[in-house]
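Working notes, beginning with the structure itself.
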Amino acid sequence: MDAFWAKGYEATSMADLCNCTGLHKGSLYQAFGDKHKLFMDSLNHYAEKEFREVAAVAYDSDSPLENIRAMVHKITEDAGGEKGCMMVNTMVELAPHDPAICKALEAIASKRMRFMMDFIAKAQQAGEIRPELEPEKLALQLMVTLAGSAAMVKGFMPSQPLRDNIEDLIDSWV
């Protein structure tokens, strides 16, 4: 996962994969299948690990809105590293021409959308977000903003102005 995350799918060679797993090429294929299968497994592992880490902060407060902010902070903190977000990297590199990757990313995004929509609905029920706003639209706004921010922070923008922008978005819901 770390090799793919750092270099991307195309730039990660079989030699890289052998080095990081400690396996010879034949053993690598036998254990994991081909490079594409190993990448898919790595992407799914990354997505599950990242989801668990974000979900772990999702219940720290009695305030659903504060929990949304905590999740957003965790996501932006993680995506601000040198490697960026593996899912965003994959969207850019592979999704436009790899249907299997596109389908996997859609499933990952769908799960995250439902999770965020639930928190937005809870925040509305608690009177923390305006009730006339549609949770699905807000979750989509947030996901698009997070993905764009993850791409920008990897390329050329410092993370703080992007975090401030996301905070402004959430504040506009109140």
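The values are calculated or read from the model by the stated rules, or taken from the named source; none is laboratory data. Predicted, not measured: the structure shown is a model, and the values here were computed from it. Cβ atoms come from the backbone with ideal geometry, glycine included; neighbour counts cover every protein chain shown. Side chains are part of the model used for accessible areas, which takes the heavy atoms of the whole protein and leaves out ligands, DNA and RNA. Shrake-Rupley method; radii C 1.70, N 1.55, O 1.52, S 1.80 Å.
Of note:
- Selection count, the stretch 24-48, where residues are part of a helix (DSSP H, G or I) and more than 24 Å from the chain's Cα centre (by Cα): 7
- Subset of the stretch 143-174 (residues that are touching a residue at least 40 places away in the same chain (Cβ under 8 Å) and over 12 Å from Leu65 (Cβ atoms)): Leu146, Ala147, Ser149, Ala150, Ala151, Val153, Lys154, Ser159, Leu162, Arg163, Ile166
- So Lys122, is it among the charged types (D, E, K, R) and exposed (fewer than 14 other Cβ atoms within 10 Å of the Cβ): no
- Residues of the stretch 69-107 that are touching a residue at least 60 places away in the same chain (Cβ under 8 Å), open to solvent by 20 Å² or more (accessible area, probe 1.4 Å) and more than 20 Å from Ala6 (Cα to Cα): Arg69, His73, Ala100.
- Yes/no for Ala55 being modelled with pLDDT of 90 or more, under 24 Å from the mean Cα position of the chain (by Cα), of a type outside the set (D, E, K, R) and outside any helix (DSSP H, G or I): no
- In summary, helices (runs of 4 or more DSSP H) completely within the stretch 61-174 and bearing 2 or more residues that are farther than 18 Å from Leu43 by Cα occur at 64-79, 99-125, 135-155, 159-171.
- Within the stretch 153-174, the set of residues being in contact with a Ser or Thr (Cβ under 9 Å, 6 or more places away or on another chain), of a type in the set (A, V, I, L, M, F, W, C) and open to solvent by 20 Å² or more (accessible area, probe 1.4 Å) comprises Val153, Met157, Leu169.
- Extreme residue, surrounded by the most Cβ atoms within 10 Å (Cβ to Cβ), among residues of the stretch 39-63 that are among the acidic types (Asp, Glu) and touching a residue at least 12 places away in the same chain (Cβ under 8 Å): Glu50
- Residue in the stretch 3-38 that is nearest to His73 (Cα to Cα), counting only those that are of a type in the set (Ser, Thr, Tyr) and open to solvent by 40 Å² or more (accessible area, probe 1.4 Å): Thr21
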